[in-house]
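Readers should treat all values here as calculations from the given coordinates under stated rules, not as data from a laboratory. Values in this document were obtained by computation on a predicted structure and should not be read as measured data. Ideal geometry is used to build each Cβ from the backbone, glycine not excepted, and the neighbour counts take in all protein chains shown.
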Amino acid sequence: MKKRIRLIVLAALAIGLLSATAPAFAAQPEEITAPASTADILELYRGAVERVRGGEAGYFRTDWQKLGGLKITGNSAVDEACRNVIVSYLTTEEDAEPLVTPRGTPEAADRLPACTLTDLSAVESASFEEAGNFYVLEIVFCEEDSPRTRESSRLGQVTDNIAFTEDLDEEISQIKVFSGKPEYRMKYQLTVTCLLTRDGRIAELMHETQTHVDIVRAKAMFVTVKDAWADMTSFSHYTRFDYGAVAYRPGDVDGDAQVTPADARLALRAAVKLQPLESTTAAFYAADTDGSGEIEPADARLILRTSVGLAA
C-alpha cells in the first residue's frame, strides 16, 4: 500500500510540474484549508465524498477481491474444495470491468461509500500531504465485529459495499460449505487513499480492505471445525471524476472560443505525454473528442481536420 501511495505522490508531482506550462482556462478556485488534526482530515474526506454523492460528479470504478489464506478443516482436500467454491464468487483484478457512474445518478451516490463515523474510535492513523497541485489524504480504519454486533459496527457499515462480506457468507451458507450458522469474528483494516484537488474535489480515490475472519465454531461439509480462519483483500479504485463545472467546446483545447491548429498541437502533445492535461479540466474534455477518457493521436487528428474545415 505504501508503494502505491508513493506512486500516486510521484504522479501528482509530475502532473503539477507539467501543468505549469499549460494555458489557463479559468480563475483559480479557492483552496481548501489544510487539516490540522485527525478529526479535520476525516471531515475533509467526508465532505469531499458527500459532494460527489450529492450529485456534483460522476466517475469510473473498478473493484475486485482476492482470497488469501484459508483454513477450515485442516484437511487439505476439503479446504481446497471450499477455496474453489469461494473463489468462484470473487472478482479478480484481471476480470474486473470499470463501472460508469454518471454525475447526478443514484448509482454515483450508492457506489461511492462514505465514512459515516461520528467519532474517531476506529481511526488508527491519518495523514495529509501536498503533492504538486494536489493533496494526498490517507486514513486507516480498524475495527472488529461479529454477527451479534453487525448492526452496530460502524466500520462494518462502511465496508459493506467494498468487502461484500455478507454476500460471501450467504453464498457459503447456501451451498452448504457451512452447515448451520457459523459463529465468527471479523477484523477489518480499511485504508482510504484520496487524491484531492486544491479546491477539495476528488481526483482519485482508492479503498483497500483487509478482512480477517476467525470462525469460532462451524460445520464445513458436515465436519465440525473450530479455530478456522480466512483472509480476504478487497480493492476499489475510483477515477475520472467529472464534476462538469466548466463549459467546454469540443476541440477548443486552449479555451479561446475557436478550434485552430494550435488546439490540435496541444492535443497531440497531451496524447504523447509531453504536456498532459488534468482529467478534470475543460481542456481535457475538449481534447478528448470521442469521449473515450483518454487523449489519443486520433483526437488531435480530428481537431486538426476540424480547424481547416475538413470535419464538422
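Below are the figures for this structure:
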{"quantity": "Sum of side-chain charges, residue 290 neighbourhood, beta-carbon under 14 Å (Lys, Arg +1; Asp, Glu -1)", "calculated": "-2"}
{"quantity": "Positive-end residue, the range 261-307 charge dipole about Cα centroid, Cβ charges, pick of 295, 275, 261", "calculated": "261"}
{"quantity": "Net charge, residue 261 excluded, C-beta distance under 12 Å - Lys, Arg +1, Asp, Glu -1", "calculated": "+1"}
{"quantity": "Order of 207, 212 - criterion: other Cβ atoms within 10 Å of each residue's Cβ, fewest first", "calculated": "212, 207"}
{"quantity": "Cα principal axis extents for the range 261-307, largest first, Å", "calculated": "25, 21, 15"}
{"quantity": "Extension gain (nm, one decimal) between residue 96 and residue 43, 0.36 nm per residue minus Cα-Cα", "calculated": "16.0 nm"}
{"quantity": "Extended-chain gain in nm, criterion 0.36 nm per residue less alpha-carbon gap, residue 229 and residue 110", "calculated": "39.8 nm"}
{"quantity": "Separation of the residue 311 and residue 76 label points, Cα + 7 Å toward Cβ, nm", "calculated": "6.0"}
{"quantity": "Exposure proxy order (Cβ contacts within 10 Å, fewest to most) of 190, 99", "calculated": "99, 190"}
{"quantity": "By average C-beta atoms within 10 angstrom, highest first, the peptides 198-206, 121-129", "calculated": "198-206, 121-129"}
